[in-house]
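Below: the structure, in structure tokens.
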Amino acid sequence: MPSTQKPMRYGHTEGHTDVCFDDTGSCIVTCGSDGDVRIWGNLDDDDPKSINVGEKAYSCALKNGRLVTAVSNNAVQVHTFPEGAPDGILTRFTMNANHVIFNCDGTKIAAGSSDFMIKVVEVSDSSKQKTDAPVLSLSFDPRDVYLASSSCDGSVRVWKIADQTCTTSWPLLLKCNDVINAKSICRLGWQPGSGKLLAIPVDKVVKLYRRETWDGQFDLSDTFITQPLNVVAWSPCGQYLAAGAVDGSIVVWNVETRECTERMKHEKNYSVCGLAWHPKYSQIAYTDTEGNLGLLEDIGDGKKPNDKVASTVTKDYNDLFDGDDDDYLNGDMIEPQSSPKAGASEDDADDLKPTSGHLRRAIIDDDDNSVDIGLIKASSNLLEKEDDDDDQTGGFPAVPAASTQQPFYDGPMPTPRQKPFQSGSTPAHLMHRFMVWNSVGIIRCYNDEQDNAIDVEFHDTSVHHATHLQNSLNHAMADLSAEAILLACESTDELASKLHCIHFSSWDANKEWTVDMPKDEDIEAICLGQGWAACATSALLVRVFTVGGVQKEIFSLPGPVVSMAGHREQLMVIYHRGTGFDGDQCLAVQLMELGKKKKQVLHGDPLSLTRKSYLTWVGFSAEGTPCYVDSEGIVRMLNRGLGNTWIPVCNTREHCKGKADHYWVVGVHERPQQLRCIPCKGARFPPTLPRPAVAILSFKLPYCQVATEKGQMEEQYWRSVVFHNHLDYLSKNGYEFDENAQSQAVKEQQELLMKLFALSCKLEREFRCVELADLMTQHVVNLAIKYASRSRRLNLAQRLSEMAVEKANELATASEDEEEEEDFRKHLNAGWHKVAVSVRAPALACRADQEMEDAEETDACEEVEETPEVHKQRPNPFSKSVTSAEVTTPKSVVITSSSQGRMNPFKVSSNKKDPLVPSANVLDSMSKYSKKISLSGSRAVNKQNPPVIKPLIPKPKSKQALAASFFQPWTPNPSEKTVEEREEKAGNESHQVKVTAQNAENRRPKTGFQMWLEENRANILSDNPDLNEAEVIKEGMGRFRVLSSEERMVWTEKAKGGSANDSADEKKRKRPTADEDEAKQNQEQKSEDSNLSKKPKPSDQSPNVRLAAFAFKQS
């Protein structure tokens, strides 16, 4: 099973570095060529204690509270540990000492120097052994009988300490003249406990010699090792041997089986010059010749699943992981890089062996009543083996037999689950911490001997003044909005978990409320929105409250919560959807809207995280777009324009100078594009004092080749698109938004597209030009056509012209749909009973259904009068050839004025262009669509001036004029004339169709929907007998829309064939609404006739009377 290699961190300046653990393993001690000894609580300790011992420190050893260092003034000196107070000089050499070591009980120190001298120093006495060369390294026999040394003359010697004689010597190493030139520093080691074996790194193998006989037992080697080995280190149990090479390789062998159990490569291939095993856990701290410190965890052969101990750490981000996840995790797991590592005595790791005869008790899941079964089994072996001879490892038990018989699992290992956290907070164990820092303000918590209090500060003091609160309930979570402060505490033996809200924006006198959670239910995450507060609990529930304290919705979460965030009506919840493997978290996100229309936007979709990372911040941009940040510094934002997917918008690690530096996010802004965060030097989070300074980072989407002009502009374009999606969201949800910002964004995007277009033109990539033009607006496509024409790329210009036609057509269709929706809404709001007809006509005693007759009857009447030629020339509305160039303006009709204004405001019919008309520049006709605005103006005019029936004035037309305009003008009243004049000024281009002012109801034949409704009305009424006429039509529309396109086509064809013969009664039954226009868009294109003008109709005339009125046209 592979071990976990933590990222290395900077420890000392460049040069030789040494490392050791203290007696309990609660801290790592390193020394380096900067002359400092640093005491690290763990690998993520951002503020290690530093003791300066001299100009350079070559070696350090630690035992019984005494820290011994070999320094550059040729002395071996002692400091107290961990205070770091100088405690005298043990010995001096004439040159610098290269290695110092303690014996097992800490009574003796051995030091070897470049002046060919080894000194063994006791508190009371000192003795010396002379060597023939500078001493590279030393190792004490655990029994204090022998001392082994290696020297630059290539020899490895074993000295008897008592009589200071050399017992044996092996010429194993390459010779050199000084330590600095040695290929390997040959850090050798005796097997702990019995001292039965002496391990010596020789070139690419480790040679093991047996005690007393001094014959070579065996060699340990591996194909992974390609360079000479530098150091060896035994595990405290004596079963494993680790070796580090000059190329950064680290290997671990099981000495009993001689198998290589771990292979690891230094991330930068620097030479490993220091190795130290944790005294209790399966961790190895290592240092390199560049001053870096690293850590390997979970060392072992993977056959001891019961040896895993859970974390009881109280430092740093231990809160990120549940203790109960740790007891079954045994390897290749990731903790947050800020979680405790190396050796803090509380760290979790495999316990390879107890280091003394009595059993170490394991604490699992922070529960004093639970004990590690593997260690209980080991205790029985321990008692049996304590009396064994030297062949056992000196009273140190071997691996428990029971655990080696367990089945061996070599698959991916589960990742401990990340614990819940509040975004913008620092770890809960700190005495002074941020409970939240967001775009509204800052909440700090002080918990020391003098005071347990909470300070609230607002960025904008006009929201509220700063507040000081007593924290008698030990609130651990907080959130802050412009309306309220929300606090929560965990339950205790006596008290339930509480949610406490200070609603400072309330207009009444009682501004605080508290809610107790049910028994055994703890609040794990909280958040505030606009008018509401929410909390997620350990019972996998989310509870929603109003900001005044009314309990609202409750819903269940599929997994334990990780974090929550709120903004206006939006609530985002991140939770565990399962167990991750190989260091990955397995999270999901729910996004809900808690406004009047409650809906779920994201239904527990998987949350994308960088490999082997965890979530560090989740929230909303100031404009309301969900965002989150992972531990690798990647900021992701919801892209509403691409089906609610997540897009990475910034990598904060790119802005960090050092590996241990991070940015702590406090806010995201889309306008202007700013990521507000606090730089943390050598840490993941800032201290409360001094007050951190906020830095502003820019966003950058991870597009390819952003160094090139093309890549840069592509990134800018899509970033602009993503960061302006929120404007569409705000407009759809009825929020106020800056329309200038939207037009500015479109302008910026189109400019970038035009630049890309010009670049592609220069590179002769015409296909790419067309692809870019597809992203442009219609107006910018015109510019692109001009650019292509001037660049003499006629083929490209032609293709772009075709595209411009299509775009214009799409634009027309879109505007129709919008107006149709708008009209339908007006229709529903107005209600049928409010419709009043104001046309003065004979026999106006009309029934309610006659009052509501509109354009459909007129159209049906007109269809009868159409000439056969017109029928022949009518285009097929489904034909692809109907393009925007052929779109014409609505017919001019005088209509009845009413409170509803029953007019058809979106009639746009298509007709074939006259083939005789020369094909003018297609762009000339594009400005017609800008006239949509004037149509609504004419509508307003019509509402206020009841029209008068006037005779039609026949007007002859040329063929060309016939193709240009569908309708003959009639003499309008003065108010209508003014609108017409305005429109004629706007559209004076040669081949443009003129929009007449009276955009009134268009006469149409019966549509397929109407015929379908007449046949199916009985069915609808039988299903819903209580429906009134308006509701029948609405229900009918819903049913008609779900028909297949073929069925609808059949009805449309029927309508075409039978519209002229419709009886008056059938027409009387109609209740035309704006909704029907949607169902009849295709039909109305067929029924237009350019030779017919419309005349006003009183709504109570019969079809025959109307036909008689129009009969003069037949002549």
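Annotations
- Residue within segment 183-199 that is farther than 28 Å from residue 15 by Cα, open to solvent by 50 Å² or more (accessible area, probe 1.4 Å), part of a strand (DSSP E or B) and in the same structural domain as residue 258 (by the TED database) present: no
- Test: residue in segment 191-198 that is without any contact (Cβ under 8 Å) to a residue 60 or more places away in the chain and either in contact with a helix residue (DSSP H, G or I) (Cβ under 6 Å, 6 or more places away or on another chain) or not aliphatic (A, V, I, L, M) (or both): no
- Segment 577-594, residues that are part of a loop (DSSP other than H, G, I, E, B) and over 16 Å from residue 555 (Cβ atoms): 578, 579, 580, 582, 583, 584, 585, 586
- Enumeration of residues in segment 672-695 that are within 19 Å of the chain's Cα centre (by Cα) and under 22 Å from residue 639 (Cα atoms): 673, 674, 675, 676, 677
A quick yes/no check of all residues on (1) on the phi < 0 side of the Ramachandran plot; (2) modelled with pLDDT under 85; (3) open to solvent by 20 Å² or more (accessible area, probe 1.4 Å):
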{"residue": "28", "(1), (2), (3)": "yes, no, no"}
{"residue": "45", "(1), (2), (3)": "yes, yes, yes"}
{"residue": "49", "(1), (2), (3)": "yes, no, yes"}
{"residue": "58", "(1), (2), (3)": "yes, no, yes"}
{"residue": "83", "(1), (2), (3)": "yes, yes, yes"}
{"residue": "88", "(1), (2), (3)": "no, yes, yes"}
{"residue": "95", "(1), (2), (3)": "yes, no, yes"}
{"residue": "100", "(1), (2), (3)": "yes, no, no"}
{"residue": "106", "(1), (2), (3)": "no, yes, no"}
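- Residue check for residue 318: open to solvent by 20 Å² or more (accessible area, probe 1.4 Å), at pLDDT below 85, farther than 18 Å from residue 242 by Cα and over 33 Å from the mean Cα position of the chain (by Cα): no
- Within segment 466-506, strands (runs of 3 or more DSSP E) holding 1 or more residues that are among the small types (Gly, Ala, Ser) and open to solvent by less than 20 Å² (accessible area, probe 1.4 Å): 477-480, 485-489
- Any hit, segment 619-632, residues being acidic (Asp, Glu), part of a loop (DSSP other than H, G, I, E, B) and open to solvent by 50 Å² or more (accessible area, probe 1.4 Å): yes
- In segment 508-565, the residue that is modelled with the lowest pLDDT out of those that are open to solvent by 10 Å² or more (accessible area, probe 1.4 Å) and of a type in the set (S, T, N, Q) is 510.
- Qualifying positions in segment 431-445 - open to solvent by 50 Å² or more (accessible area, probe 1.4 Å) and more than 27 Å from the chain's Cα centre (by Cα): 431, 432
- Residue check: residue 574 meets all listed conditions (1) in a loop (DSSP other than H, G, I, E, B); (2) touching a residue at least 24 places away in the same chain (Cβ under 8 Å) but one, namely (1).
- Only a single item in (1) within 27 Å of residue 146 (Cα to Cα); (2) touching a strand residue (DSSP E or B) at 6+ places or on another chain (Cβ under 9 Å) is not met by residue 213, and it is number (2).
So that you can scan it fast, the table gives a plain yes or no per residue for (1) in a loop (DSSP other than H, G, I, E, B); (2) open to solvent by 20 Å² or more (accessible area, probe 1.4 Å):
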| site | (1), (2) |
| --- | --- |
| 231 | no, no |
| 241 | no, no |
| 244 | no, no |
| 253 | no, no |
| 256 | yes, yes |
| 260 | no, yes |
| 264 | no, no |
| 270 | yes, yes |
| 273 | no, no |
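- Looking only at segment 595-618, and only at residues there that are part of a strand (DSSP E or B) and in contact with a Leu (Cβ under 6 Å, 6 or more places away or on another chain), the one that is most open to solvent (accessible area, probe 1.4 Å): 601
The values are calculated or read from the model by the stated rules, or taken from the named source; none is laboratory data. Keep in mind it's a predicted model, so treat the numbers as computed, not measured. Glycine gets a Cβ as well: all are built from the backbone with ideal geometry, and neighbour counts include every protein chain shown. These accessible areas exclude ligands, DNA and RNA; they are computed on the full protein's heavy atoms, side chains included. Shrake-Rupley method; radii C 1.70, N 1.55, O 1.52, S 1.80 Å.
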